[in-house]
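See below for the structure under consideration.
No lab work stands behind these numbers, since they all come straight from the coordinates. These numbers come from a predicted model, not from an experiment. Quick reminder, even Gly has a Cβ in these numbers, built from the backbone with ideal geometry, and neighbours come from all protein chains shown.
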Amino acid sequence: MHSVQGEEVFMGNSANSNVIGKGKIPFHTDDGCITTLQGVRHVLESRYNLISLESLHEEGFNFNSEDDLMISFQRSHVKFQAERADNVYMLRNLDVTVGGLQSSSASRLDILK
């Protein structure tokens, strides 16, 4: 991750928060591969790890959703599934590695619609 100055993100509570760094986040997908998202912003004030669908789409992900389940795929391979909770989709069974530490949690990353 590299430091960033002067960049802000608009939060759900109508406030702006400073981006303190940008980097890449590798995570294990449902098909057993490791996918790395580029340009992920680190925002200290955020209680959640959020990824926009637009950012995922720019990385080549596509989505299908029915009821409260969204399935993401890339080149015809299912990459992950997410369940809708209010206005976010929470990823299921996700292994994320950040700074050499691995975490497994269904709510570790949330996807904004």
Quiz item: What ranking do THR29, THR36 get, fewest neighbouring Cβ atoms within 10 angstrom at the top?
Solution: THR36, THR29
Exercise. Can you pull the one-decimal nm distance between simple spin-label points at LYS24 and VAL4, each 7 Å off the Cα toward Cβ?
Key: 1.6
